[in-house]
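Working notes for the structure below.
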Amino acid sequence: MNLDAPLESIKGVGEKTAEQLRAAGLLTVRDLISFLPRKYEDFSEVVKIANIKPGMRTIRAKCEKIETKRVRRGMTVTTATLVDASGKLRAVWFNQPYRVKQLQSTDEEFFFSGTFEFSYNRFQLSSPSAEKVSEVPVSTDRIVPVYRAVKGLKSHLVRKLLVQLRPYMEVLKDPMPEAIIRRQKLRSFSQAVVALHFPEDNDDIRRGRERLGFDELFQLLLAAQLNKRSNSELQGWKIPFNKQAVQQFVAELPFALTDAQRRSAWEVVQDFERETPMNRLLQGDVGSGKTIVALLCMLIVKDNGFQSCIMAPTEILAQQHYASISEALGENSNIKVAFLSGSVKNKARSIILEELASGATDIIIGTHALIEPTVKFHNLGLTIVDEQHRFGVAQRAAIWQKGQHLMPHVLVMTATPIPRTLAMTIYGDLDVSVIDELPPGRKEIKTMHFYDSGRPRLIEFLHKEIANGRQVYIVYPLIEESEKLDLQSLQNGYEQLLTYFPPPQFQISVVHGRMKAADKDWEMQRFIKKETQIMVATTVIEVGVNVPNASVMVIENTERFGLSQLHQLRGRVGRGAKQSYCILMSDYKISKEGKERIHTMVRTNNGFEIAEADLKQRGPGDLQGTQQSGILDFRLLNIGKDSAIIETARQIAMRIIDRDPQLEMDVHYQLKLH
């Protein structure tokens with residue numbers, strides 16, 4: 001069977017089944033084989049209800065009775081009585097009302113796997129998975145794979161079809177050169193695929209993940225090296241450095257540049273003087289001064305008769321850049337700066353586009369509106385993309401291609417600290433500059449952790465800060481009660497705050513992602529203008545809000561956030577001369593990982609240290625916008641714990657590209673196809 005054959009070619013796949021598979025994005029045999037399990041259920045040790053002990057347990061039982069109750073808005077609790085020959089047991093699911101339909105009115109046996117614990121004054125099996133015994137196509141002495149339920153796709157259907165495909169898995173061609181497999185002591189590609197779909201034991205799963213994890217990492221590193229070599233063959237604008245003009249501008253700044261800012265700017269200057277276009281990442285913590293480095297670069301570009309542009313992911317962030325750069329240049333500057341977003345319309349938009357195309361505008365700052373076909377540059381020399389992981393690959397490429405004749409230099413900026421191990425992978429084709437120090441005079445943000453019992457102290461503290469003329473952020477992880485998470489919602493939090501801070505003495509802004517852009521902007525402007533003392537928000541304020549008067553960041557349900565996100569939120573305060581605070585609120589019942597995150601936040605303000613800890617605990621997540629770009633997001637390899645593997649894979653990729661730049665040799669041909 002051809003791996004690219006449609007799934008209809010598999011025995012038993014009719015039009016209805018094929019439609020279900022297509023809805024889940026599975027079109028070919030290759031797609032199905034590549035659809036790896038999200039987890040595994042261990043049915044090798046099934047216990048009787050009478051013998052069950054605390055911990056993760058699996059039982060084989062029938063459902064005698066089941067019901068769902070709505071305990072409050074958006075929150076449901078489903079309880080069931082499970083029974084086997086030895087006794088009965090209570091099972092509980094939160095926000096999974098579909099369990100009633102799954103388990104009611106059937107005399108079939110299920111495997112239930114969950115945590116057996118003493119909770120709410122009784123023993124119960126908490127949030128167990130439920131698999132029909134008849135739909136598990138292996139004996140109970142095996143580990144059973146569970147697949148993502150994309151568009152309602154059932155695991156048992158996937159398992160049933162994969163059983164037919166096992167003979168083809170066992171003869172899959174290996175994309176990796178045999179020498180690399182031997183040197184790294186890896187399983188073959190076919191062995192790894194079979195092991196993940198049909199594991200004999202946990203070691204099978206570990207070694208299968210190790211091999212395919214190495215593959216996804218290696219492919220990314222190889223692509224980065226190919227891109228880097230390809231970029232080195234492009235021709236860009238050679239932009240000389242006018243030392244005197246830059247020195248004069250720096251001397252007139254109301255503050256001194258840090259050594260890290262000077263070093264980063266010099267690295268860019270050296271790139272400008274080469275004939276190949278710069279492709280550089282500038283990363284620095286929140287408030288480290290990346291914007292002033294970007295402005296210095298744009299001044300050099302302007303001095304040589306070229307234009308620059310900055311593209312930001314949100315209008316708020318783009319406006320912030322426009323305001324800070326205009327302020328730094330001053331009213332008497334001969335540099336014309338323009339702003340463009342979707343909200344700029346009609347005559348104002350036409351004028352901006354005309355002046356940009358004629359070369360009258362030196363710097364333009366905007367959102368993705370800059371990539372629209374109507375936007376033409378006279379001679380674009382420098383493209384700056386801020387928070388580039390929030391853009392898709394197509395969006396980034398569109399702005400880079402706005403140059404005339406030659407490629408513009410490219411500077412990518414991010415305030416999301418990226419550990420070296422991760423930077424080598426997702427930014428492997430970029431040179432990296434790091435601003436690793438904050439401007440002098442900045443007071444370190446004091447971070448404290450309160451349990452809910454400490455709320456009266458928190459409210460008293462907030463009243464004091466507001467009485468002293470300061471402003472406060474209060475951030476919630478959700479807008480309303482979710483079917484997935486039982487959290488205090490933003491609406492409930494807002495209503496509770498009104499009792500502590502009653503109007504008209506106190507005014508509160510509310511901002512969340514479901515609001516219309518105009519309404520969101522209006523609320524934010526009220527806060528910026530000090531018309532409100534408190535901003536209640538979701539993580540929509542994570543990037544792009546700059547209010548120096550705000551001195552307190554309160555984060556509710558802290559354990560629900562990742563470390564890097566918590567650090568980004570903390571960076572919304574500490575922007576003025578006054579002491580600022582970050583208050584982490586949580587319930588007593590938090591996981592070990594949640595406690596570790598809170599401890600890390602309280603212990604350090606260093607963004608790179610926090611990013612390393614986050615990477616080790618959670619994995620890289622979606623830092624590069626993988627949902628848009630299609631780049632693998634390390635489903636199988638924890639690169640936070642496997643940094644040695646990354647360096648090894650990187651060295652191998654570099655050697656291969658040096659030896660065979662086009663991957664034309666027979667030994668590398670499968671790498672090209674993979």
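A dipole drawn for the chain from +1 and -1 charges on Cβ atoms has a positive end, and of LEU569, PRO503, ALA338 the residue lying farthest that way is PRO503. Between the Cα long axis of helix 290-303 and the first principal axis of the chain there is an angle of about 50°, rounded to the nearest 10. Assuming a ≥ b ≥ c are the square roots of the Cα gyration tensor eigenvalues, decide whether region 19-84 counts as rounded (a/c under 1.5), prolate (otherwise, with a/b larger than b/c) or oblate. Oblate.
In degrees from 0 to 90, rounded to the nearest 10, what is the angle of the helix 315-329 Cα long axis to the longest principal axis of the chain? It works out to around 30 degrees. Report note on the peptides 313-325, 106-118: ranked by the mean count of other C-beta atoms within 10 Å, highest first, their order is 313-325, 106-118.
Under 1.5 on a/c is rounded, so check that first for region 282-364, then, if it is not, pick prolate when a/b is larger than b/c and oblate when it is not; a ≥ b ≥ c are the square roots of the alpha carbon gyration tensor eigenvalues.
Details: a/c = 1.93, a/b = 1.25, b/c = 1.55.
It comes out oblate by the Cα gyration axes.
Amide H to amide H distances under 5 Å link GLN404 with LEU380, where only residues 5 or more positions off or on other chains count and H is placed in the peptide plane.
Rounded to the nearest 20, the Cβ-based charge dipole of the chain about its Cα centre (Lys and Arg +1, Asp and Glu -1) stands at 1280 debye. Amide hydrogen proximity for ASN95: with H placed 1.01 Å from N in the peptide plane, the residues at 5 or more positions away or on another chain lying under 5 Å are THR76, VAL77, THR78.
Assuming a ≥ b ≥ c are the square roots of the Cα gyration tensor eigenvalues, decide whether region 500-570 counts as rounded (a/c under 1.5), prolate (otherwise, with a/b larger than b/c) or oblate.
prolate
Suppose every Lys and Arg Cβ carries +1 and every Asp and Glu Cβ carries -1, with no other charges. What dipole size does region 514-582 come out with about its Cα centre, to the nearest 20 debye? Write down the numbers at each step before the final one.
On the way: 11 positive and 7 negative charges, 36 e Å.
In debye, rounded to 20, region 514-582 gives about 180.
Listed values for region 434-449 are Karplus-derived 3J(HN,Hα) couplings in whole Hz (6.51 cos²θ - 1.76 cosθ + 1.60, θ = phi - 60°), namely 10, 9, 10, 8, 8, x, x, x, 6, 7, 5, 5, 7, 10, 10, 10, and x replaces Gly and Pro. Compared with the dominant Cα axis of the chain, that is its longest principal axis, helix 202-232 is turned about 20°.
What percent does the relative contact order of the chain come to when contacts are Cα pairs within less than 8 Å and at least six residues apart? Relative contact order comes out at 12 percent. Among beta bridges from DSSP that stay inside region 91-140, the antiparallel ones total about 80%.
The spacing between region 330-381 and region 243-289, judged by their C-alpha centroids, is 24 Å. Applied to region 552-561, the Karplus parametrisation 6.51 cos²θ - 1.76 cosθ + 1.60 on θ = phi - 60° returns per-residue 3J(HN,Hα) values of 10, 10, 9, 10, 7, 6, 3, 5, 8, 9 Hz, with x for Gly and Pro.
Take the Cα radius of gyration of region 174-240 and divide it by 2.2 N^0.38 Å, with N its residue count; two decimals is plenty. Show your work: numbers first, answer last.
Working: Rg = 17.7 Å, N = 67, 2.2 N^0.38 = 10.9 Å.
So the Cα radius of gyration is 1.63 times the expected 2.2 N^0.38 Å.
Give the percent of DSSP beta bridges with both residues in the chain that are antiparallel, rounded to the nearest 5.
Numbers: 38 of 93 bridges.
If I count the DSSP bridges inside the chain, around 40 percent turn out antiparallel.
When the helices of the chain are scored as -39500 (n - 2.57) per DSSP H run of n ≥ 4 and the total is divided over every residue, the value at 222 nm lands at -11500 deg cm²/dmol.
Arrange the peptides 527-537, 238-248 so that the one whose residues have, on average, the most other Cβ atoms within 10 Å appears first.
On the way: 527-537: 19.6, 238-248: 13.1.
Per-residue Cβ counts within 10 Å, averaged per peptide and sorted highest first, yield 527-537, 238-248.
Count Lys and Arg as plus one, Asp and Glu as minus one, and take only other residues whose Cβ is under 14 Å from that of ILE352; the net charge is then +1.
Counting only heavy atoms of protein chains, what accessible area per residue, in Å², does the chain have with a probe of 1.4 Å? Mind dumping the intermediate values first?
Working: 32210 Å² over 674 residues.
In whole numbers, the chain has 48 Å² accessible per residue.
Given +1 on the Cβ of Lys and Arg, -1 on the Cβ of Asp and Glu, and no further charges, what dipole in debye does region 41-197 carry about its Cα centre, rounded to the nearest 20? Numbers along the way, then the final one.
Working: 28 positive and 16 negative charges, 122 e Å.
I would put it at about 580 debye.
Around ALA195, with a cut-off of 13 angstrom between Cβ atoms, what is the net charge of the other residues, counting Lys and Arg +1 and Asp and Glu -1? Intermediate results must be reported in sequence, preceding the final value.
Details: positive: ARG142, ARG166, ARG187, ARG206, ARG207, ARG209, ARG211; negative: GLU170, GLU200, ASP201, ASP203, ASP204, GLU210.
Net local charge, ALA195 excluded: +1.
Think of region 6-67 as having a plus end and a minus end, set by charges on the Cβ of Lys, Arg, Asp and Glu; of THR58, GLN20, SER34, THR58 sits farthest toward the positive end of this dipole.
Computed from Cα atoms alone, the Kirkwood hydrodynamic radius reported for the chain is 28.5 Å. Working note: Debye formula, equal point scatterers on the alpha-carbon atoms of region 63-133, no solvent; log10 I(q)/I(0) at q = 0.23, 0.25, 0.27 Å⁻¹ is -1.08, -1.26, -1.42.
Using only Cα atoms, what Kirkwood radius does region 201-350 have, in angstroms? Walk me through the intermediate numbers first.
On the way: mean 1/r = 0.0531 Å⁻¹.
Evaluated over region 201-350, this radius sits at 18.8 Å.
The Cα trace of region 80-214 gives Rg and Dmax of 19.1, 59 Å, the first to one decimal, the second as a whole number.
The values are calculated or read from the model by the stated rules, or taken from the named source; none is laboratory data. Quick caveat, the model's predicted, so the values are computed rather than measured. No Cβ is skipped: glycine too gets one built from the backbone with ideal geometry, and neighbour counts run over all protein chains shown. Surface areas here come from the heavy atoms of the whole protein model, side chains and all, with no ligands, DNA or RNA. Shrake-Rupley method; radii C 1.70, N 1.55, O 1.52, S 1.80 Å.
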